[in-house]
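Undergrad: Below is one structure. I have some questions about it.
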Amino acid sequence: MKKGIAAFFLCLLLTGCLDQLQLKNLLFVDVVGIDYVDDSKELKVNFVISALREANLGGGRQSALFMETTGANLYEAVSKTNKEIPGILSVLETRLYLISTKFAKEQPLDHLNIASQFASNPLYAYLAIYDGDLSKLLAKKSMKDQTVANFLIGLLDDEKTRGRIPSNKLLHYILGGTQFMNDFALNRFEPYKDSARLAGTSLFSDGRYTGINLSNEDTQLANLMGGETGKNQLIIGEQNGIHYSILVQNAKRHFKINTDADKLRDIAVDIQMDVKLIEDGPELKKHTNKELAKTEKAIEADLNSKAAKVIATIKQANCDYLQLAHEVAAFHPKVYSGLSWREQYPQIGIKPQVKVRILNNAILE
Amino acid sequence: MRKEEHITGRQLISLTVMAQLGTEVLSLPHVGATTAGHDTWIAVLLSGMAAQLGIILIWWLGSHYPKRNFYAYTSQIVGKPIGILINLIYGTYYAFSGLLITALYTDILKRWMFSLTPRWLILLMLLIICGYAATSTLKKLAYISQSFMLFPVICFLLIAFSGVYGFDAKNLLPIVSDGWSPILKGIYAAYSAYIGYDLLLYAYPYVQTQSKKKLLWTMSIANACTIVFYVVVCLVCSTMFSLKQLIVIPEPIVFILKNYKVQILQSVDILFLIFYVSVVAATVYVYFFMAAKAFMHLRSGGMGKQHIWVWVIVCACFIAGFFMTKRNDLLQVAAFQDQLSIFLVVGLPVILLIISGLRGAGRRGV
């Protein structure tokens, strides 16, 4: 037993001091911004370094330091920055990689792959796109009384919790991507007044930005079609001139692949949605079963037409956001082998079929 | 020679599981992906079943000489000179295997955690730990392994529950899409991950069980635990990463553990690598122990003392470690060791079993 204990403590001693990093010397990079320098292929990299000042006074004051540098790749940019500021840049706590639209249009993942070479890098940091001047945004001292990093990441965290936006973690896309087709939609920020706001998603095909975006509402629907359960998501719409608001309680998505022998005919995207009816026109009223059925049909019609538009947009971008290629390859391998997916995808018939079931009227009768 | 104390069936399970789980857990999904694609889990499962046949083989051989360990009865089967040569080969093989595993884990620690710490220092510390433990008796090694069993359990739970961060079961479909040829290659590649059950060669006479069948049953439980561990690891990795990613990520488990976000704990992946030292150490000290025992049996009356042999092996490994610095060289040596393992853990016992059977038949004929 003594030997066991001795061996155990020796194991702990392996965490020796040669590789120690003193906390006071570390510069924690919270946000990494990546763009191109003008029209060249050189990277312009921004680092937002977060620190807690005056911690001795109690709660402390959060501060953000902005650094900008250039380099052929991320490693070179880090190396250059280390020469411009005392301390060691650490990506241990990096929470967001923000890329510009210009950078996103040229194989951005080739540059981001190198992030996996940082040993301490949390590869589950968000990856998002900014449709504006990235340096100008990240150089801001604060936005709405928060640091830039907290503001941007807070927006993503909250919307992700509500299930309205895709998860968008860096590791899902780099090194070839976790998905069958490296087609995805990245959360998109745009300039808004003197700060920024979330403005839907940008569609990527084969890891490259297509220049086509989905609005916030489209993103929400695309997410539901992507298999999100949509718990407590608010959907607002209009049908026959009457506004309605529903709270999704649960959504189940199912793909139905229809084939003729070994040929793909079309794909149905079935969504079964259980909802709370919050508002159905300006006046509050008690619904009869007949009226509820009518309302369900009206909402279904509205959602189906919106979902069809979303599908048309992602097809136009040749972005297989729903990963239908994987579905076909997994369950109909023979059909998939006869397809040239990238070329044929925009022509494939994809039909959304939303079914709505009103469970209750929320709090009021 | 020091008299070996008996161990219980439970202790044998701990020793075998710890000896089988080496550095392979970290790289198995990557190695499997390069050969068997998304059918890695099938290859690993079948490989585990093949290892079960290997266990039956060694058990069968051992049951011919229930009172003696492998090194003691080799001379009895093939005569003294060849028996000594076989013991020498096994001793060298186990010392070499111990060195290789230590060097591979040093490489992992160096790449992931200790980029500034000299390589030789990490290697030396690991060798000292394992050497120190290997000077013990089989019973004490079993106690240490039992104490360390908690760590693979924690590691297993961390890996298994990482699936909650989202997995895609479609990654496993369609099953056997490219035929059985890649799976067969995968079985070969994964087999080395199960090596460690050969501990039974030495431990057979020292296990207290009610019957021979009970001993086989005990070994089968140990092997089943390892199979479950490996198959779950491969399933989690295959469902969380695409094939493209698995082919370029040598240690996918570490990437998966990066997913854990605990407010009060930074980098579960680093903690995992530290915990995992205990698993790797358990494999290495069993190998050093087996090597020392083999060398001690180079003379029928016993040659040298166990602790001296162990420290000689540790010194030799430390010196040899200076020549194993390049990762590609390490991987090539590991590929050679895989072939050697199959020959020594499967091939040679088969030959010995046949000779033993023929001699037994001959004696009965006389």
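The values are calculated or read from the model by the stated rules, or taken from the named source; none is laboratory data. Computed from a predicted structure; not experimentally measured. We place every Cβ from the backbone using ideal geometry, glycine too, and count neighbours over all the protein chains shown.
Undergrad: Before we move on, is B:ASP338 within 30 Å of A:ARG95 (Cα to Cα) and acidic (Asp, Glu)?
TA: It is false that B:ASP338 is within 30 Å of A:ARG95 (Cα to Cα) and acidic (Asp, Glu).
Undergrad: How many residues does the range B:271-289 contain that are farther than 30 Å from B:GLY91 by Cα and either surrounded by fewer than 19 Cβ atoms within 10 Å (Cβ to Cβ) or polar (S, T, N, Q) (or both)? Spell out how you get there, then give the answer.
TA: Let us first name the residues in the range B:271-289 that are farther than 30 Å from B:GLY91 by Cα, namely B:271-272.
Subset that is either surrounded by fewer than 19 Cβ atoms within 10 Å (Cβ to Cβ) or polar (S, T, N, Q) (or both): B:271.
Of the residues in the range B:271-289, 1 are farther than 30 Å from B:GLY91 by Cα and either surrounded by fewer than 19 Cβ atoms within 10 Å (Cβ to Cβ) or polar (S, T, N, Q) (or both).
Undergrad: Being under 29 Å from the mean Cα position of the chain (by Cα), touching a residue at least 60 places away in the same chain (Cβ under 8 Å) and farther than 28 Å from A:PHE204 by Cβ is true for just one of A:GLN239, A:GLN249. Which residue is that?
TA: Sole residue among the options that is under 29 Å from the mean Cα position of the chain (by Cα), touching a residue at least 60 places away in the same chain (Cβ under 8 Å) and farther than 28 Å from A:PHE204 by Cβ: A:GLN249.
Undergrad: Which one of B:LEU45, B:LEU15 is at pLDDT 90 or above and either within 17 Å of B:SER145 (Cβ to Cβ) or part of a loop (DSSP other than H, G, I, E, B) (or both)?
TA: B:LEU15
Undergrad: Among the numbered criteria (1) under 20 Å from B:ALA193 (Cβ atoms); (2) modelled with pLDDT under 95, which one does B:GLY302 miss?
TA: (1)
Undergrad: While we're on this one: May I ask you to list the residues in the range A:268-301 that are β-branched (Val, Ile, Thr) and part of a helix (DSSP H, G or I)? Walk me through it before giving the result.
TA: Initial filter on the range A:268-301 (β-branched (Val, Ile, Thr)): A:269, A:271, A:275, A:278, A:288, A:295, A:299.
Scanning the range A:268-301 gives A:THR295, A:ILE299.
Undergrad: Among the residues of the range B:261-277, which ones are farther than 17 Å from B:PHE114 by Cα and either part of a helix (DSSP H, G or I) or more than 10 Å from chain A (Cβ to nearest Cβ) (or both)? First the steps, then the outcome.
TA: Within the range B:261-277, the subset farther than 17 Å from B:PHE114 by Cα is B:261-265.
Hits for the range B:261-277 are B:VAL262, B:GLN263, B:ILE264, B:LEU265.
Undergrad: Given the residues B:TYR71, B:TYR65, B:TYR94, which is the only one that is surrounded by 23 or more Cβ atoms within 10 Å (Cβ to Cβ) and more than 14 Å from every other protein chain (Cβ to nearest Cβ)?
TA: None of the other options fit; the residue is B:TYR94.
Undergrad: Being among the basic types (Lys, Arg) and away from chain A (no Cβ under 14 Å) narrows it down to one residue among B:LYS212, B:LYS244, B:LYS170, B:LYS258; which is it?
TA: B:LYS212
A quick yes/no check of all residues on (1) at the interface with chain A (Cβ under 7 Å from one of its Cβ atoms); (2) touching a residue at least 24 places away in the same chain (Cβ under 8 Å); (3) within 18 Å of the chain's Cα centre (by Cα):
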{"residue": "B:THR102", "(1), (2), (3)": "no, yes, yes"}
{"residue": "B:TRP112", "(1), (2), (3)": "yes, yes, no"}
{"residue": "B:SER115", "(1), (2), (3)": "yes, no, no"}
{"residue": "B:LEU121", "(1), (2), (3)": "no, no, no"}
{"residue": "B:LEU127", "(1), (2), (3)": "no, yes, yes"}
{"residue": "B:ALA133", "(1), (2), (3)": "yes, yes, yes"}
{"residue": "B:SER136", "(1), (2), (3)": "yes, yes, no"}
{"residue": "B:LEU141", "(1), (2), (3)": "no, yes, yes"}
{"residue": "B:SER145", "(1), (2), (3)": "no, yes, yes"}
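Undergrad: Hey, does the range A:142-151 have a residue that's buried (at least 17 other Cβ atoms within 10 Å of the Cβ), in contact with a Lys or Arg (Cβ under 6 Å, 6 or more places away or on another chain), within 14 Å of chain B (Cβ to nearest Cβ) and not aromatic (Phe, Trp, Tyr)?
TA: Within the range A:142-151, not a single residue is buried (at least 17 other Cβ atoms within 10 Å of the Cβ), in contact with a Lys or Arg (Cβ under 6 Å, 6 or more places away or on another chain), within 14 Å of chain B (Cβ to nearest Cβ) and not aromatic (Phe, Trp, Tyr).
Undergrad: Can you name the residue in the range B:97-132 that is more than 11 Å from B:TYR287 (Cα to Cα) and small (Gly, Ala, Ser) and, of all such residues, is surrounded by the most Cβ atoms within 10 Å (Cβ to Cβ)?
TA: B:ALA103
Undergrad: Could you pull out the residue among A:LYS276, A:LYS297, A:LYS309 that is surrounded by fewer than 19 Cβ atoms within 10 Å (Cβ to Cβ) and touching a strand residue (DSSP E or B) at 6+ places or on another chain (Cβ under 7 Å)?
TA: Result: A:LYS276 is the single residue among A:LYS276, A:LYS297, A:LYS309 that is surrounded by fewer than 19 Cβ atoms within 10 Å (Cβ to Cβ) and touching a strand residue (DSSP E or B) at 6+ places or on another chain (Cβ under 7 Å).
Undergrad: Take the conditions of a type outside the set (Gly, Ala, Ser), within 14 Å of chain A (Cβ to nearest Cβ) and out of contact with any strand residue (DSSP E or B) (no Cβ under 9 Å at 6 or more places or on another chain) and apply them to B:ILE84. Does it pass?
TA: no
Undergrad: I want to confirm something. Restricting to the range A:164-193 and keeping residues that are more than 13 Å from chain B (Cβ to nearest Cβ) and not in a strand (DSSP E or B), which single residue is surrounded by the most Cβ atoms within 10 Å (Cβ to Cβ)? Outline the logic, then answer.
TA: Filtering the range A:164-193 for residues more than 13 Å from chain B (Cβ to nearest Cβ) gives A:164-165, A:185-193.
Now drop any that are not not in a strand (DSSP E or B), which leaves A:164-165, A:193.
Values: A:ARG164: 20, A:ILE165: 27, A:LYS193: 8.
By that ranking, first place goes to A:ILE165.
Undergrad: Which of (1) surrounded by fewer than 16 Cβ atoms within 10 Å (Cβ to Cβ); (2) closer than 29 Å to B:ARG10 by Cβ; (3) of a type in the set (Ser, Thr, Tyr) does B:TYR165 not meet, given it meets every other one?
TA: With respect to (1) surrounded by fewer than 16 Cβ atoms within 10 Å (Cβ to Cβ); (2) closer than 29 Å to B:ARG10 by Cβ; (3) of a type in the set (Ser, Thr, Tyr), B:TYR165 is out only on (2).
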